[in-house]
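Below you'll find the structure, written out as structure tokens, and then a few comments.
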2 protein chains.
Amino acid sequence: MLIIDCHGHYTTAPAALQAYRDAQLARIKNPSLPEPAAPVISDGEIRDSIDQNQLKLQRLRGADVTIFSPRASAMAHHIGGEDVSVAWTRVCNDLIKRVVDLYPENFVGVCQLPQSPGKPLARSVEELERCVRELGFVGLNLNPDPSGGHWTSPPLTDRYWYPIYEKMVELDVPAMIHVSSSCNANFHATGAHYLNADTTAFMQFIEGDLFRDFPNLRFVIPHGGGAVPYHWGRYRGLADMLKRPPLARHVMQNVYFDTCVYHQPGIDLLAKVIDVENILFGSEMVGAVRGIDPETGHYFDDTKRYIDALAMPADKKHQIFELNARRVFPRLDRILKAQNR
Amino acid sequence: MLIIDCHGHYTTAPAALQAYRDAQLARIKNPSLPEPAAPVISDGEIRDSIDQNQLKLQRLRGADVTIFSPRASAMAHHIGGEDVSVAWTRVCNDLIKRVVDLYPENFVGVCQLPQSPGKPLARSVEELERCVRELGFVGLNLNPDPSGGHWTSPPLTDRYWYPIYEKMVELDVPAMIHVSSSCNANFHATGAHYLNADTTAFMQFIEGDLFRDFPNLRFVIPHGGGAVPYHWGRYRGLADMLKRPPLARHVMQNVYFDTCVYHQPGIDLLAKVIDVENILFGSEMVGAVRGIDPETGHYFDDTKRYIDALAMPADKKHQIFELNARRVFPRLDRILKAQNR
């Protein structure tokens, strides 16, 4: 059995990446500055940043492959205009491609998109196509709120989003729904904005009929689905009150939750109320919560331990750890098969 | 043992209340219209609206007292200016007072406030004082987002909110943190906005030091605390990463969760991770979810059944059903004692 972590970000990228970003931000304030050149980062710097972090933790915790994307909080689609977002996104995605090339058995790529609040998605469609066809990526992160906590875009069921969905279906790649940092003081990024976005997206899918238009569209809602599994009765009841079909048919043919829930009782609940077919192993390491839980003596985000501890038959754990990810990410499955895995 | 439901709204008010509101809204569009007179509602109409709904369900489900406030989704602080909000709020609170007077053993009052986006809280302080001192109410509902889903107010830890906190401490009343309807298409009110607000408020309390300034301030976060108990490990870990004190000391001396979680696994989780001292029985009936769960044959929001089914000693259930509410709402305790309960 392979252990596939569906949710990892390159949160430990070499300093040159941030220096590039800083130069971008400086140029927003002072447009007379030159457009910054792409950061120069050596293979050795990438190896240093990965070996002591994600790769070390993969080995320590027993994961085999991580579906790897740029740092989510740094996407910051609300900063600068679309051109800034396009340049930043290409640099970030290209760096993921280099990680994948250096560690082809440990990482597969997922891209961020050059979204920009209020802008159409044409350039995101282009970047998705480039990342999948040219860089070999297997999915994308889609930000439902590129305004960074002001929620000025239409809901995910709106036709505004359809160009990206059409491309996703054409390329047969799923999206993780993942917001970025928050510029609204009400929302702490990883403590409120992330979970709120997960919850919000799920409810939008209940209200809408998106999967009638796109029966093959697939979304991973991260962080264990936000508040949804804890309130599963509420959502079943709301679907009923709103005269929607049962969730199993209306939403859960197309929506998956990861296991980024950082304590055993939360994972127990997830596994209890959500069909095992809809759960993908994920840890989001190295991510939002990096410390050791004093109650267990283990890292909060060592989520594999929680799955291991579930009272669940081995074949179902196999689904969570490997088979569901191969099904939801068919291009990942092809890469693994080409590696005889 | 008394069963005290800490979370009920007057969602079934007589039609004259909505007619009054409609006249208010018409006057916003056409200011030449006269200011509407307070709605004329007979005791019989109030009895009809309560007997067949909240009172019937109290009896069927075995609750004794409901802490009762105006319909949360109808507060709609984002509609009209402050004067509209003040007039609407007084009408709604006065109607709660009439319910309490008709059924003094079944209902105690909690008020809504005449908040208005961007406006200072002076008139909310006045209305709180009126409701507690003149109408005998025991608490308030505080809307952290009077903009209705645009989140334009400062976080709850900001000094903007201090006037209401000072009055709460003076009157010794707690606030339930409760948003109203959403005018942001991203957020379904009861399926996203409510839970997001709960989650957001909790994280604001972690980030801030509000309870250092107000050690006796008390908040009930409804809907089982939003996403918080499901992500309890995440919050413990975030508090640690942000170098905040442990949650038990930093937040949970002042914050309580209700039991408006509409399935057994959710309540099991809540009771497992949250100290029993911090849990208050609530159902929010007649509220967001009114149907029958086909998996159980019982109403989703008949939350007493879930507490009854918990594997927990009777004295701890007594805390959840009665003692915690009497401690968090001392004015409720005094009312009950005056009734020899």
Scan region A:273-281 and give yes if some residue there is of a type in the set (A, V, I, L, M), within 12 Å of another protein chain (Cβ to nearest Cβ) and closer than 24 Å to A:Asn141 by Cβ, otherwise no.
yes
So the helices (runs of 4 or more DSSP H) completely within region B:168-247 holding 1 or more residues that are closer than 21 Å to A:Ile206 by Cβ are B:194-207
Determine, yes or no, whether A:Asp293 is of a type in the set (D, E, K, R), over 14 Å from A:Phe257 (Cα atoms) and touching a Ser or Thr at 6+ places or on another chain (Cβ under 8 Å).
no
Report, by residue number, each residue of region B:243-266 that is more than 8 Å from chain A (Cβ to nearest Cβ) and within 20 Å of B:His178 (Cβ to Cβ).
B:Val251, B:Met252, B:Asn254, B:Val255, B:Tyr256, B:Phe257, B:Asp258, B:Thr259, B:Cys260
Is it the case, given these coordinates, that A:Cys131 is closer than 29 Å to A:His188 by Cα, at pLDDT 95 or above and in a helix (DSSP H, G or I)?
no
Among residues of region B:272-291 being under 20 Å from the mean Cα position of the chain (by Cα) and among the small types (Gly, Ala, Ser), the residue farthest from B:Val108 (Cα to Cα) is B:Ala288
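Conditions tested, residue by residue: (1) assigned to a loop (DSSP other than H, G, I, E, B); (2) in contact with a strand residue (DSSP E or B) (Cβ under 6 Å, 6 or more places away or on another chain); (3) among the aromatic types (Phe, Trp, Tyr).
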{"position": "B:Cys6", "(1), (2), (3)": "no, yes, no"}
{"position": "B:Ala19", "(1), (2), (3)": "no, no, no"}
{"position": "B:Ile41", "(1), (2), (3)": "yes, no, no"}
{"position": "B:Gly44", "(1), (2), (3)": "no, no, no"}
{"position": "B:Gln58", "(1), (2), (3)": "no, no, no"}
{"position": "B:Ile67", "(1), (2), (3)": "no, yes, no"}
{"position": "B:Asp94", "(1), (2), (3)": "no, no, no"}
Residues located in region A:282-296, provided they are at the interface with another protein chain (Cβ under 9 Å from one of its Cβ atoms) and in contact (Cβ under 8 Å) with a residue 40 or more places away in the chain
A:Ala288, A:Val289
Odd one out for A:Leu269 among (1) farther than 26 Å from A:Ser180 by Cα; (2) surrounded by 24 or more Cβ atoms within 10 Å (Cβ to Cβ); (3) more than 14 Å from every other protein chain (Cβ to nearest Cβ):
(3)
Please determine, by comparing only the residues of region B:292-330 that are within 21 Å of the chain's Cα centre (by Cα) and not in a helix (DSSP H, G or I), which one is nearest to B:Leu140 (Cα to Cα).
B:Phe329
Being touching a residue at least 40 places away in the same chain (Cβ under 8 Å) and hydrophobic (A, V, I, L, M, F, W, C): is that true of A:Val228 here?
no
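Yes or no, residue by residue, for (1) in contact with a Phe, Trp or Tyr (Cβ under 7 Å, 6 or more places away or on another chain); (2) closer than 15 Å to B:Asn186 by Cβ; (3) facing chain B (nearest Cβ under 10 Å):
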{"position": "A:His193", "(1), (2), (3)": "yes, yes, yes"}
{"position": "A:Asp198", "(1), (2), (3)": "no, yes, yes"}
{"position": "A:Phe214", "(1), (2), (3)": "yes, no, no"}
{"position": "A:Gly224", "(1), (2), (3)": "yes, no, yes"}
{"position": "A:Val228", "(1), (2), (3)": "yes, no, yes"}
{"position": "A:Gly237", "(1), (2), (3)": "yes, no, yes"}
{"position": "A:Met241", "(1), (2), (3)": "no, no, yes"}
Need pairs with beta-carbon distance below 9 Å; first residue touching a residue at least 60 places away in the same chain (Cβ under 8 Å) and more than 11 Å from chain A (Cβ to nearest Cβ) and within region B:297-309, second of a type in the set (S, T, N, Q) and buried (at least 21 other Cβ atoms within 10 Å of the Cβ); sequence gap 6+ or separate chains.
B:Lys304/B:Thr259; B:Lys304/B:Ser283
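Filter region A:121-171 down to the residues that are among the hydrophobic types (A, V, I, L, M, F, W, C) and more than 18 Å from the chain's Cα centre (by Cα) and list them by number.
If the condition is that a residue be among the hydrophobic types (A, V, I, L, M, F, W, C) and more than 18 Å from the chain's Cα centre (by Cα), then A:Leu121, A:Ala122, A:Trp151 are the ones that fit.
The values are calculated or read from the model by the stated rules, or taken from the named source; none is laboratory data. Here the structure is a predicted model, which means the values were calculated and not measured. No Cβ is skipped: glycine too gets one built from the backbone with ideal geometry, and neighbour counts run over all protein chains shown.
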